[in-house]
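Student: Got a structure for you, questions after.
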Amino acid sequence: MTWDHFAYLSQQDDIEAIPLPWGYVSGWIDRLSTKVFALEIERALAEEQGDKDRAKVLRKQIVEIQKAYRRHATKQIPVRCFPFAVTDFCSLPSPHWLGLQVDFELLTPWYSKDDRIFHVMDNAVRKDRVFGVPIMAASSWKGMLRWACRMQAGLLAFLEAGKSFEKEWRDPDWILHLFGNEKGEEKDFHQGALIFYPTWFNKISFEVINPHRRATRAGRQPIYYEVVPGQRVKKNQDGSEEEVEGAKGTLWLLYAPWPGMKPKPKPADVLPKLLEAIEALLITYGISAKRTVGWGTAEIIAWRAFHKEHGTETESQRENLWQKIQNWLPEGGTP
């Protein structure tokens, strides 16, 4: 009997017996990946030596391991293992600060490549190394939301006019106020007023891309992507169809301007544009890698705002929320 959890997991051969989500952060997944890579090397050597039968057998073993992993990975991650609460926006220290929470449900799959070097799947979704659940990093939210704000500020028309983003584009003051300067900026470098938090998801599924040969119009080797699922229609064994909900997530933002920050626009000039950019990002642009094929779009379920003195407001529509909170922050904008 071993008392080391990771040693225990690394000794397990039965994929179906590994508990989730702990298996994703353990030596078990590394051991499984090592098996697959060893078989791949052996298969490549067999092909180089002309032993096609041996190569076919090894390829079959690899496929069976990956199939077993996909069956196991699609199990629902237990709610008790899920880090729902990120922060308590009900205890903000300053009346100049505003907490924002946007609850959404994915309509199309979400994907971000995992940073694990070795994995049993070629395209594993990114997972939190502590909780073992799929995660969208705070830095990803910042980059995508900055881009959405730039689109609100006219970036598309700027590029269509043939101008250079690197040489000629300058962020307007309200974007600099929210996000700060880009890395590498030497003049008046400062951080923005927004603080971002990661988003966790509690479902995993798989999408298949099957490239076809132009000459034969036949599929080649299918490519599997481990994703967080969006809404989909499931076919039951009796032939009936069932609509399955997409994974749900939450965007947490803290608007926390610091004393003396510049530029210093009024909150009433900045926050409506921010809310519009959030809505456009989730509903129109998408928050996933492979956004160009429509991945990562979502339906917004609820908008929530938190303030030290005014409490909490919840609305289903962005415009209704802004109507209620537009006078919450002092006119000065910063402490």
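Student: At a Förster radius of 30 Å, what calculated FRET efficiency corresponds to the Cβ-Cβ distance of Ala137 and Ala44, to the nearest 0.05?
Tutor: Result of the calculation: an efficiency of 0.30.
Student: So, one more: Does the chain come out rounded, prolate or oblate, given a ≥ b ≥ c as the square roots of the eigenvalues of its C-alpha gyration tensor, rounded meaning a/c under 1.5 and, failing that, prolate meaning a/b above b/c?
Tutor: Note, shape of the chain comes out prolate.
Student: Counting other C-beta atoms within 10 Å, which of Val227, Val102 has the fewest, and how do the rest follow?
Tutor: Going from sparsest to densest Cβ surroundings: Val102, Val227.
Student: Moving on. Give the aspartates and glutamates reachable from Lys113 as a straight Cα distance under 13 Å; neighbours fewer than 8 places away on the same chain don't count.
Tutor: Qualifying aspartates and glutamates at Cα under 13 Å: Asp122, Asp128, Glu226.
Student: Which loop trypsin sites (Lys or Arg not before Pro) in segment 209-283, with loop taken from DSSP, have no more than 15 other Cβ atoms within 10 angstrom of their Cβ?
Tutor: Loop-located and lightly packed - Arg213, Arg214, Arg217, Arg220.
Student: Principal axis extents for segment 273-329, Cα atoms only, whole Å, descending order, please.
Tutor: 43, 19, 18
Student: What does the charge add up to near Arg304, with Lys and Arg as +1, Asp and Glu as -1, over the other residues with Cβ less than 9 Å from its Cβ?
Tutor: Net local charge, Arg304 excluded: -3.
Student: Please report Asp114, Asp122 as a ranked list, fewest other C-beta atoms within 10 angstrom at the top and most at the bottom.
Tutor: Ordered by Cβ neighbours within 10 Å, fewest first: Asp122, Asp114.
Student: Tell me, what is a quarter of the convex hull surface for the C-alpha atoms of segment 156-280, in nm² with one decimal?
Tutor: One quarter of the hull surface, i.e. the mean projection, equals 14.4 nm².
Student: Order of Asp53, Asp269 from fewest to most other C-beta atoms within 10 Å?
Tutor: Lowest count first: Asp53, Asp269.
Student: Which residue fluctuates most in the GNM of the chain (Cα springs below 10 Å): Thr312, Thr216, Thr108?
Tutor: Result for the chain, Cα springs under 10 Å: Thr216 fluctuates most.
Student: Using only the Cα atoms of segment 134-183, each taken as one equal point scatterer with no solvent, compute I(q) by the Debye sum, divide by I(0), and report log10 of the ratio at q = 0.27 Å⁻¹.
Tutor: After summing over all Cα pairs, the log10 values are -1.11.
Student: For segment 138-152, just list the computed ³J(HN,Hα) in residue order, Karplus coefficients 6.51, -1.76 and 1.60, θ = phi - 60°, integers in Hz, with x standing in for Gly and Pro.
Tutor: 3J(HN,Hα) across segment 138-152, in whole Hz: 4, 5, 5, 4, 4, x, 5, 6, 4, 4, 5, 5, 5, 5, 4.
Student: With label points built 7 Å along Cα→Cβ from the Cα atoms of Tyr285 and Arg217, find their separation and express it in nm.
Tutor: For Tyr285 paired with Arg217, the spin-label model returns 3.8 nm.
Student: GNM, the chain, Cα, under 10 Å: largest mean-square fluctuation among His212, His96, His177?
Tutor: Sorting by GNM fluctuation, first place goes to His212.
Student: Can you compute 3J(HN,Hα) from phi for each residue in segment 106-111, using the Karplus curve 6.51 cos²θ - 1.76 cosθ + 1.60 with θ = phi - 60°, rounded to whole Hz and x for Gly and Pro?
Tutor: Per-residue couplings from phi come out as 5, 9, 10, x, 10, 9 Hz.
Student: Which net charge results when you count Lys and Arg as +1 and Asp and Glu as -1 among the other residues whose beta-carbon is under 12 Å from that of Gly249?
Tutor: In short, -1.
Student: Across the chain, where is the longest run that never hits GluC sites (Glu not before Pro) in a DSSP loop with at most 16 other C-beta atoms within 10 Å?
Tutor: Formally, the longest exposed-site-free interval is 1-181.
Since every read-out is calculated from the coordinates, none of them should be taken as a lab result. Here the structure is a predicted model, which means the values were calculated and not measured. Every residue, glycine among them, receives a Cβ derived from its backbone with ideal geometry; neighbour counts consider all protein chains shown.
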